[in-house]
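**Student:** After the structure tokens below, expect a handful of questions from me.
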Amino acid sequence: MWGGRFAEGPSAIMREINASIPFDKALWQQDIAASKAHVAMLAAQGIVSATDAETIAGGLDRVAQEYADNGVPEDWDLEDIHMTTESRLAELIGPAAGRLHTARSRNDQVATDFRLWVRQAIDQAEAGLVALQRALVTRAEEHAASIMPGFTHLQTAQPVTLGHHLMAYYEMIRRDRSRFADARVRMNECPLGSAALAGTGFPIDREATAKALGFDRPTGNSLDAVSDRDFALDYLQAAAQTSLHLSRLAEEMILWASQPFGFVKMPDTLSTGSSIMPQKKNPDAAELVRGHSGRIVGCLTALTVTMKGLPLAYSKDMQDDKPPVFEAAGLLALSIAAMTGMVADSTFVTARMRQAAELGYATATDLADWLVRQADIPFREAHHITGAAVKLAESKGVALEALTMEELQAIDSRIDERVYAALSVESSVAARASYGGTAPEQVQRQVSAARKLLGME
Ligand code: ARG
């Protein structure tokens, strides 16, 4: 493509280090679409003849068909998807192919292709996350009143409902979706026509190509347009944040599936066995989701560090932008799908969850609150009295409500029979009906709002 200036061809190592075709062949559909939009515009502007434009567009369709049928050939000498396509086009239609690259450069071409690819990855993430939210909402509604221990420091804190816990993840995913949507709005400008860096002297119509490719408008500065990978970083940041949420959910499922917890039975379809221990059912899918989040954060770090010191405009370092984005997108899609299946198909062992809530002194705060309300005791004193009750119950190895009235009155004479009603996990949960709280009626309110937003009604 540039032989005119060179006395010698590239060395073997130059060819190998230079080749991006092994990974950027993933951009072939975007590359063909952008070329077709470009050549149609060139013809409309009278920059190439209508006949040539027609020949080129037909040739591009044939190349696309070949790629679809046989895959994209990997010839390192052709470096990347842009030159691979152009070279095949020349073989198919002859010299007219040489007119396609008028008024553009691979710099604006790759920036355009990659934006189109990332835009599609955002749309895929959005669809996957909606499915995950639907699964969460469905299971949350089913378990709006199922009681489990809520934890802080992974120590039993207060009883909560499983529905409330699941809806916490719905909220995280809601924010993730808004991050992707935000990234999409910001990135939806078309670099095509920025050419190598300075724009072009040809009378091109950038509005036309932008519109043909579904962009909102052309980018405003050609130097920025070919140097900018913010759109890829925005995507990776949203992906990393999402994967972090998926990893926390995965971690909880792993913990809950362990025998000492026994809160959940994961679906067989998302578990593996052991080659030596016949009783084992391992949560490998969830563990891999937890692991993948580390890799996705790594992808974000990789591109961030690649971009940080680059002068304007294009530098070849930027060819390294694609592998981390492709890798992260693949890992993210798998992680979302795995967690959606896990949420939809796991069996929650509600009896065990409830038992754990009862045995963990989860209603100690309710006893303290009762003392404040019924006996007008300052909260700090009530906290102290309740601590003594927990200490006694613990030493006897029983739940709070198993302490007798004599035992409770020996701790504080102001306690009476009515206290037992406050000590049950049901009344504890029902009492927390503040907006966003764990009471079943509040969970139902959250679920209803979510169902509306997700179009589940
Ligand atoms: N293979 C290159 C990439 O992926 C295409 C752009 C090449 N531009 C250049 N000036 N060498 O980034």
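The values are calculated or read from the model by the stated rules, or taken from the named source; none is laboratory data. Just so it is clear, the model here is predicted, and its values are computed rather than measured. All Cβ positions, glycine included, derive from the backbone under ideal geometry; neighbour counts span all protein chains shown. For the accessible areas, the whole protein counts, side chains as well, though only heavy atoms, and no ligand, DNA or RNA atoms are used. Shrake-Rupley method; radii C 1.70, N 1.55, O 1.52, S 1.80 Å.
**Student:** What is the total of Lys pairs in the chain with C-alpha atoms under 28 Å apart, excluding same-chain pairs fewer than 8 positions apart?
**Tutor:** Eligible lysine pairs with Cα atoms under 28 Å apart amount to 13.
**Student:** Sorting 317, 113 by accessible area (1.4 Å probe), largest first, what list results? If you can, show how the numbers build up before the last one.
**Tutor:** Details: 317 70, 113 0 Å².
Largest to smallest exposure gives the sequence 317, 113.
**Student:** Skipping prolines and chain starts, which residues have an amide H placed within reach, meaning under 5 Å, of the one on residue 160, given they are 5 or more residues away or on another chain?
**Tutor:** 148, 150
**Student:** Arranged from highest to lowest average of other beta-carbon atoms within 10 Å per residue, in what order do the peptides 381-392, 133-144 appear? Can you show the working numbers first?
**Tutor:** Details: 381-392: 16.7, 133-144: 21.8.
Put in order of decreasing packing, that is 133-144, 381-392.
**Student:** Considering the zone a paramagnetic label at residue 316 would reach in this model (a point 7 Å from Cα along the Cα-to-Cβ line), which residues of the range 273-309 have amide N under 20 Å from it?
**Tutor:** 303, 305-309, by backbone N distance to the label point.
**Student:** How much accessible area per residue does the chain have, counting only protein heavy atoms and a probe of 1.4 Å, in square angstrom? It would help to have the intermediate numbers written out before the result.
**Tutor:** Numbers: 21320 Å² over 457 residues.
That works out to 47 Å² per residue.
**Student:** DSSP loop chymotrypsin sites (Phe, Trp or Tyr not before Pro) in the range 349-457 with at most 15 other Cβ atoms within 10 Å of their Cβ, which ones?
**Tutor:** On the way: sites: 361, 370, 379, 420, 435; in loops: 361, 435.
When the chymotrypsin sites (Phe, Trp or Tyr not before Pro) of the range 349-457 are filtered for loop state and at most 15 Cβ neighbours within 10 Å, 435 remain.
**Student:** Counting only protein heavy atoms, what percent of the accessible surface of the range 360-454 is carbon or sulfur at a 1.4 Å probe?
**Tutor:** Carbon-and-sulfur percentage of accessible area, whole number: 55.
**Student:** Further, regarding this structure: Take the Cα gyration tensor of the chain, multiply each eigenvalue by 5, square-root it, and list the three semi-axes largest first, rounded to whole angstrom. Mind dumping the intermediate values first?
**Tutor:** Working: eigenvalues 765, 97, 69 Å².
Ellipsoid semi-axes (Å, largest first): 62, 22, 19.
**Student:** Let me ask something else. Quick one: Karplus J couplings for the range 142-147, per residue in order, coefficients 6.51, -1.76, 1.60, θ = phi - 60°, nearest Hz, x for Gly and Pro?
**Tutor:** 4, 10, 4, 10, 7, 8
**Student:** Here is a follow-up. Which values of log₁₀ I(q)/I(0), to two decimal places, follow from the Debye formula for the range 104-250 at q = 0.09 Å⁻¹ with a uniform point scatterer at every Cα?
**Tutor:** Summing over Cα pairs of the range 104-250 leads to -0.42.
**Student:** Per residue of the range 448-455, in order, report the coupling 6.51 cos²θ - 1.76 cosθ + 1.60 (Karplus, θ = phi - 60°) as ³J(HN,Hα) in whole Hz, putting x for Gly and Pro.
**Tutor:** Once rounded to whole Hz, the list reads 4, 4, 5, 4, 4, 4, 8, x.
**Student:** Also: Which FRET efficiency value, to the nearest 0.05, is calculated for residue 261 and residue 345 with the Förster distance at 30 angstrom and r the Cβ-Cβ distance? Don't skip to the end; give the middle numbers.
**Tutor:** Working: r = 18 Å, r/R0 = 0.62.
With R0 = 30 Å, the Cβ-Cβ based efficiency is 0.95.
**Student:** Here is a follow-up. For a quick check: with amide H placed at 1.01 Å from N, whose amide H comes under 5 Å from residue 282's, ignoring anything fewer than 5 positions away on the same chain?
**Tutor:** Here the answer is 272, 273, since their amide H atoms fall under 5 Å of that of residue 282.
**Student:** Rank 423, 443, 398 by how far each Cα sits towards the positive end of the charge dipole of the range 395-457 (+1 on Lys, Arg Cβ; -1 on Asp, Glu Cβ) and give me just the farthest.
**Tutor:** Among 423, 443, 398, the one farthest towards the positive end of the dipole of the range 395-457 is 443.
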